[in-house]
Amino acid sequence: MQETSPQALKSNPVSHCELRCWILDTGVPQEDADGTFLGYVGSCVDITDRRQATVYGDKVQLQQVMSNLLLNAFDAMDGRPAKDRRVTVFITLESPLVVRVAVRDRGAGLPNDRLATIFNPFVTSKPEGLGLGLSISRTIVEMHRGRLWAENNADQGATFYFTLPVGVPCS
Ligand SMILES: Nc1ncnc2c1ncn2[C@@H]1O[C@H](COP(=O)(O)OP(=O)(O)OP(=O)(O)O)[C@@H](O)[C@H]1O
Ligand SMILES: [Mg+2]
């Protein structure tokens, strides 16, 4: 995670961001910077109109949101066999003007009373965690006029969702 405090985030020059740039090649093993295996990502884009799959904002910041969510998902599946460490990214339209991205893992999920508090700064369960990834990610998404939240899956693991308005420049 980049060490940016929520207070330090500013709105940078607006550029368009094709949501397809977040789609990783399905089945290709993901590694961290040291080459350590993290797991696999599968992707599903359910938007056919290219204009609706484009949001406007700070590409680097939005990419940071995605990488924070993916790293958390892989951390949550750390104890599982390598072949079971799978994250699925779904990109759909929540409404004609709102895109929704879902990052779904097969980890242990979260106690219900932590689903909200994990977005507070410095909340972590990891020995070397800063507890800032989600708090910064929420700040970034809200700066882009979207929402970020978490739910437990009915079967296993958790899904983190965020929305962004289609084709609206952030201010
Ligand atoms: N996909 C997930 N499944 C289960 N728990 C999660 C998941 N994502 C986040 N959490 C919980 O939320 C906490 C806060 O996450 P957050 O990303 O803010 O900080 P962190 O990952 O601990 O540290 P860092 O600042 O390095 O990201 C995590 O420590 C973990 O307990
Ligand atoms: Mg994190």
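The values are calculated or read from the model by the stated rules, or taken from the named source; none is laboratory data. Being a predicted model, the structure only gives us computed values, none of them experimental. With ideal geometry, Cβ positions are generated from the backbone for all residues, glycine too; neighbour counts draw on all protein chains shown.
One table, with the values for the structure above:
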read-out	value
The listed residue being at pLDDT below 95 and loosely packed, with under 14 Cβ neighbours inside 10 Å, out of A82, A116	A82
Flag for A102 being surrounded by 12 or more Cβ atoms within 10 Å (Cβ to Cβ) and at pLDDT 90 or above	yes
Residue identified as among the polar types (S, T, N, Q) and part of a loop (DSSP other than H, G, I, E, B) among T92, T139, T124	T124
Odd one out for L110, checked against (1) within 16 Å of ligand 2 (Cβ to nearest atom); (2) within 23 Å of Q30 (Cα to Cα)	(2)
Selection count where residues are farther than 12 Å from L69 by Cβ and near ligand 1 (Cβ under 7 Å from one of its atoms), scope region 120-156	9
Checklist (1) at pLDDT 95 or above; (2) within 15 Å of the chain's Cα centre (by Cα); (3) under 26 Å from D32 (Cα atoms) applied to M77, failing item	(2)
Flag if G107 is touching a strand residue (DSSP E or B) at 6+ places or on another chain (Cβ under 7 Å) and assigned to a loop (DSSP other than H, G, I, E, B)	yes
Filtered residue count, region 26-58, keeping only those that are part of a helix (DSSP H, G or I) and not basic (K, R)	2
Selection count, region 67-84, where residues are within 16 Å of ligand 2 (Cβ to nearest atom) and either of a type outside the set (D, E) or in a helix (DSSP H, G or I) (or both)	11
Neighbours by Cβ (under 7 Å, 6+ apart or cross-chain): first from region 130-150, within 15 Å of L164 (Cα to Cα); second of a type in the set (G, A, S) and surrounded by fewer than 21 Cβ atoms within 10 Å (Cβ to Cβ)	M143/S11
Conditions (1) closer than 23 Å to S125 by Cβ; (2) surrounded by 16 or more Cβ atoms within 10 Å (Cβ to Cβ); (3) in contact with a helix residue (DSSP H, G or I) (Cβ under 7 Å, 6 or more places away or on another chain); number of the one not met by L93	(1)
